[in-house]
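Down below is the structure, laid out as structure tokens.
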Amino acid sequence: MTDKRVSMTGKITALTFFIIVFSFLISGLFIISNILNSEEERITEQAMLVAQTVGKLPELPTVLENDALTNQQKATKLKKTIRDVRTTNKADYIVVLTMDGVRLSHPKESLVGLRSQSNDIEDAFTEHYYSTTAKGDLGTVARAFVPVMNTMHEQVGVVLVGYKLPTFLDIVHNLRDEILVATCLSLLFGAWGAFLLSRSMKRDLLDYEPHEIAKLYIERSETFNAMHEGVIAIDNHFIVTIFNTKAKQILGVDEGDLIGQNIYDILPDSRLPEILDFNQPIYNKELLINQHTILSNRVPIEVEGETVGAIAIFQDRTEVKKLAEELTGVKEFVQALRIQNHEHKNKMHTVAGLMQLGNYRAALQYIQGAKKEQDQLQDFLHERIQNQNLAGLLLSKVNHGKELGILVEIDAQSSLDYLPKALDFHDFVVLLGNLIENSFDALQLAAHDDKKLFISIDQNDQVMTILVEDNGIGMSEEQIARIFDNGFTTKHSKNHGIGLYLIQDIIQKAQGTIDVESTPNAGTSIVVTFEM
């Protein structure tokens, strides 16, 4: 791995070094271009200033308007003056023109006395001050044109001053020392920075090579996709970082690349972002997500003590829930048969005793009364409770209450057409069964004989309300505050303390509410509400 590490460090260093050099080169080009523009402006201004200076020389208009002199004589008179000005101001050339365009001075003696053929000179004979750039034997030259005026403010000639503009190579040559120092420092610090950057990147990548990281990423993705459990992970911004194939299958999510999407856009009810809010793991929690029942473990992801995301690992519990519902229905059916068998035996004993006493009319009335009472209860449950399993549960609880000497009354206005969307039959059996059994326990501990339990199930299109009310031993405020804690119980026997905890879990899953009112030695009233 050492050779690979050196290879990667060298690549990063070379790449960073190249980027720095390239950036320095581009920056240098821009800087030199700006210098060229600045030099052109400065030289053009200098040419104009020198041209104006020459144009204001007193002897210049005197010579130009002296018709007694030939052009050659005029040139001779101006030669020394123009040469001195050109030398003093380091101009490349100063040309004096008559109004006919004839040169009276020029660096090339052979051109003196000849007419100028320049294309940019016409405006100068109309009293215009201006500057141009032109290419010639000297290279690119900045030229300034100034009219020569006499004392009567009449134009008598033109002064043309030219300065050679520096080239790109001229600027580089003039700044060679500065460029050399800047380049050396840039390369030195660039190489040092590239080395530090590559070492930092290696440290951040845990000393892995890029191809090794790519291999690990592929292996990780394939490993998650091969798992039998669903796996979903998000970062601190709720962006999905893992969403394996099994999770898509369990939750019924469309196939496709979900990485990088917001978890709320995929599963608004995932309950995974709350792990980031509480920063606490939650294990073995049954959830209803996207109409699928799952058993989930949700854990925050921490890196060096800082929470950077959350991950959920879950299993499908839909089929298991269906099996549990069937088993629960069978259990309740067996319980109902046992209670009915026990009650039937008691009634048969009563009938047998009346017949042995010869009181046949009373025996017949007893049989008819028992049948009528049972038929009324069964007809009521069949008509008002559409789920037959729940009807059987209520029937068994009524009969079980009789065994315990408890009058179980079901509200005549009760009705149940269908369960809330977030609940299944198993949840409802656990919920209602535990509420009734807790009331039975409280009534059995009561000292009075008039023990009553009232049950009401009220449902409409918006809400469902379940009321279970007894006149048992009741609870204190301290007990009410703890009844939903796992393991807490007011009874002095084993295997208690989880009923109300399970109830609260079911209510939270369905986003319902529960209200408890209780008075010691007077009774307890519990109201559970669900949105439909």
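With the checklist (1) more than 29 Å from LEU175 (Cα to Cα); (2) at pLDDT 90 or above; (3) buried (at least 17 other Cβ atoms within 10 Å of the Cβ) in hand, flag the one item ILE121 doesn't pass. So ILE121 meets the others, but not (2). THR167 satisfies every condition listed in (1) closer than 30 Å to THR133 by Cβ; (2) surrounded by 15 or more Cβ atoms within 10 Å (Cβ to Cβ); (3) touching a Ser or Thr at 6+ places or on another chain (Cβ under 9 Å); (4) among the β-branched types (Val, Ile, Thr) except (2).
Residue-wise test of (1) in contact (Cβ under 8 Å) with a residue 60 or more places away in the chain; (2) open to solvent by less than 30 Å² (accessible area, probe 1.4 Å); (3) under 20 Å from MET475 (Cβ atoms).
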{"site": "ASN389", "(1), (2), (3)": "yes, no, no"}
{"site": "HIS400", "(1), (2), (3)": "yes, no, no"}
{"site": "GLY405", "(1), (2), (3)": "no, no, no"}
{"site": "LEU416", "(1), (2), (3)": "no, yes, no"}
{"site": "LEU419", "(1), (2), (3)": "no, no, no"}
{"site": "VAL429", "(1), (2), (3)": "yes, yes, no"}
{"site": "LEU435", "(1), (2), (3)": "yes, yes, yes"}
{"site": "ALA447", "(1), (2), (3)": "no, no, yes"}
{"site": "LEU453", "(1), (2), (3)": "no, yes, yes"}
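Residues in the range 134-160 that are part of a strand (DSSP E or B) and touching a Lys or Arg at 6+ places or on another chain (Cβ under 7 Å) were compared, and the one that is nearest to LEU60 (Cα to Cα) is LEU160.
Residue under question is ASP123, and the condition is that it be part of a helix (DSSP H, G or I) and more than 59 Å from the chain's Cα centre (by Cα); does it hold? So ASP123 fits the description; yes. As an exercise: evaluate THR241 against (1) in contact (Cβ under 8 Å) with a residue 40 or more places away in the chain; (2) part of a helix (DSSP H, G or I) and give the number of the one condition it does not meet. Evaluating THR241 over (1) in contact (Cβ under 8 Å) with a residue 40 or more places away in the chain; (2) part of a helix (DSSP H, G or I) leaves (2) as the failure.
If the condition is being part of a helix (DSSP H, G or I) and open to solvent by less than 80 Å² (accessible area, probe 1.4 Å), then the range 61-82 contributes PRO61, VAL63, LEU64, ASN71, LYS74, ALA75, LEU78, THR81, ILE82. Could you identify the single residue in ARG176, ARG199, ARG203 that is touching a Ser or Thr at 6+ places or on another chain (Cβ under 9 Å) and open to solvent by 50 Å² or more (accessible area, probe 1.4 Å)? After applying the criteria, what remains is ARG199. When each of ILE26, ILE43 is tested for being among the hydrophobic types (A, V, I, L, M, F, W, C) and within 25 Å of ASN89 (Cα to Cα), the lone residue that passes is ILE43.
Before we move on, is LEU381 buried (at least 20 other Cβ atoms within 10 Å of the Cβ), over 48 Å from the mean Cα position of the chain (by Cα) and at negative phi? So LEU381 fits the description; yes.
The values are calculated or read from the model by the stated rules, or taken from the named source; none is laboratory data. A quick note: this is a predicted structure, and the numbers were derived from the prediction, not measured. Don't worry about glycine lacking a Cβ; one is built from the backbone with ideal geometry, like all the others, and counts go over all protein chains shown. The area values use the complete protein model at the heavy-atom level, side chains included, leaving out ligands, DNA and RNA. Shrake-Rupley method; radii C 1.70, N 1.55, O 1.52, S 1.80 Å.
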